[in-house]
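Each value in this text was obtained by applying a stated rule to the coordinates, not by laboratory testing. Only a predicted model underlies this, so the values are computations on that prediction, with no experimental measurement involved. Neighbour counts run over all protein chains shown; Cβ positions are idealised from the backbone, glycine included.
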């Protein structure tokens, strides 16, 4: 009787790549601890041999799809809302979601993600808020791992870029710009996160672009020394509103204004982006972002790709909506 095809093991991968078994394990479980050259050799070996590690049947059913979700969860609550959208979509499906926390792209000099944050048994990967580097894209293709990007914009599109899901952040900026202009504002302070790299286009950059179509803007990075005094100085020089590039920064501005006994909205208007719990608690005018919907859309695409079908949709862009609350009004004297 003819024997069936031999199962490819981790030992085979290590031998073909010319590395130890522990190095292969590191590439699969902690790729950031392995050099890019070694990672690519291991990935090439797994692809050539057809090796794809799986979790044991006791860990999950044979029909269960395991999707890794990587994002700067600890830095921005908005990614938790996107994850919540995926969880709701997966509630009645055979889907396991495996979250990975990443550093904020804004906080590092080289934000491109060069190591795929996956463990054995992952069927698809969703990356949010952090652009993939060229080696990570090559690794995903070599491993035949479906990847979906959410809230990721590179300055120059790469060949063979994965499907992505976005919210129109420039439109969000235009919504707020038009609202403030209609109230009589002409100059505002835009409080934003410092961005150390120009390798990618952040949501804040697009929101600023949309806002600038309507208003003169004084930009102020939240990490600037003496940011509290600088914000007050901008207001004394003629700015009549403060725009936080997300609601967390708007909440910080609210604290600064409150400490300086500057009334909202009588003395200055305050707005933000995202429309989370903080915005509702502060009665903040903001732009509602359909984060949960973007998460659900990304999971739908990932599951389609993981099943071996080509997704009918390669690019999804959802529209935000303006939410007007008590934090905006006409400038003093208008």
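The table below lists the values:
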{"quantity": "Distance histogram for region 177-334 (every C-alpha pair counted, 10 angstrom bins, percent rounded to whole numbers)", "calculated": "10, 37, 30, 13, 7, 2, 0"}
{"quantity": "Residue 330/residue 63 FRET efficiency (R0 51 Å; Cβ-Cβ; nearest 0.05)", "calculated": "0.30"}
{"quantity": "Separation of the residue 37 and residue 323 label points, Cα + 7 Å toward Cβ, nm", "calculated": "5.1"}
{"quantity": "Inter-part distance where region 158-233 and region 125-156 are each reduced to a Cα centre, Å", "calculated": "25"}
{"quantity": "Relative contact order of region 169-289, defined on C-alpha pairs under 8 angstrom at six or more residues apart (%)", "calculated": "27"}
{"quantity": "Added length on full extension, which subtracts the Cα-Cα distance from 0.36 nm per residue, residue 237 to residue 217", "calculated": "6.0 nm"}
